[in-house]
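The values are calculated or read from the model by the stated rules, or taken from the named source; none is laboratory data. Small disclaimer: the values here were computed from a predicted structure and weren't measured. Glycine also receives a Cβ, built like all others from the backbone with ideal geometry; neighbour counts cover every protein chain displayed. Protein only, heavy atoms only, side chains kept; ligands, DNA and RNA dropped before computing areas. Shrake-Rupley method; radii C 1.70, N 1.55, O 1.52, S 1.80 Å.
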Amino acid sequence: MTKEIAKTLLPVGPSSLCFNKDEFMKDSFSVDEFVSTCRKRVQLEQLRDDLTVYQRLLRSAMIELINKDYADFVNLSANLVGLDKAINTLSVPLQNVKQEVTTVDTAVLESLSFIKQKLKKRAEIRQRIACLQRLMTISELVDKMERLLNIPKDGSTFDSDLSTHTLDGALIERVATEFNQLQFHVTRNKKVALLEAIRPRIVQITSVLQHSLEQQFVVGLQQKKTDVLRQCLRTYATIDKVKDVEQLFRQNVIRPHVEEVVSEGRLSEVGLKVMFGQVLEVIPKHCQTLLSVTSALAKGLVTSCHET
């Protein structure tokens, strides 16, 4: 029975009562709070009398309700006859349904677990296939660069004297492009054991390429060939070895000039100011060609970026 229905069944008391009948239906109803609230309005004797009056009303209302639904009260037990049998009859199919649902749930969970395992295995297979493809690409790139550099695969007849393997600029740039791709795939496959078998060949290719680049760069500086320098710098940038060319320039140009003009004898001969002035002469004497090349490259790069 809901609270709304219960409120309609409560009899309405006389207006002289010191309380409202709806207070008894509140969820927060408390006897102590109810008595305390009523005492603020009337004496305890008056509250007792009012409660007695309302009790009589409730008893009368209950008797009227029973008389009204007397037949239902009498037949209540008769209506319940056989209810337990009906419940037992329903319990068997309900248990069967429960068992079927449990079976289906178990089958679904097993299927999900199986699918997850298969997906995980498929992901592992894809990773292995990708790894094998990268290894195949590495092997193909190494073979191609060895052919370009005339390096035998087993290294048995390879001349260890790198000076005999100096390459021309166009071939260097072509090998450098392949080498850049090789570095990318090697980085992706660092933890692969099969890569170690190819690594000595990669080291040999790296040595020949670096030696050829160094020779070309030095020749370009000495003979002031801007096209050779431009190609060398572009190649160094391609294989991400800019610091190497900076060190090479430092060793072959800056260091000899500084060692030539800076000494204790020249310090006493020309003085500190003149000696440092001669140090700065390295820029117009030895750096002008390289500056013009790098300035042109930087300008071209900025122009291409703006066009993009």
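Listed values, structure above:
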{"item": "Total residues in region 186-231, condition basic (K, R), open to solvent by 70 Å² or more (accessible area, probe 1.4 Å) and either touching a residue at least 40 places away in the same chain (Cβ under 8 Å) or in a helix (DSSP H, G or I) (or both)", "result": "4"}
{"item": "Sole residue being modelled with pLDDT of 80 or more and surrounded by 11 or more Cβ atoms within 10 Å (Cβ to Cβ), chosen from L280, L291, L267", "result": "L291"}
{"item": "Filter result (open to solvent by 30 Å² or more (accessible area, probe 1.4 Å), of a type in the set (V, I, T) and within 10 Å of F217 (Cβ to Cβ)) within region 232-250", "result": "none"}
{"item": "Exclusive hit being loosely packed, with under 10 Cβ neighbours inside 10 Å and either in a helix (DSSP H, G or I) or in contact (Cβ under 8 Å) with a residue 12 or more places away in the chain (or both), set E64, E110, E140, E45", "result": "E45"}
{"item": "Odd one out for P93, checked against (1) within 30 Å of I198 (Cα to Cα); (2) surrounded by fewer than 10 Cβ atoms within 10 Å (Cβ to Cβ)", "result": "(1)"}
{"item": "Single residue of Q133, Q99 found to be at pLDDT 85 or above, farther than 30 Å from T206 by Cα, of a type in the set (S, T, N, Q) and not in a loop (DSSP other than H, G, I, E, B)", "result": "Q99"}
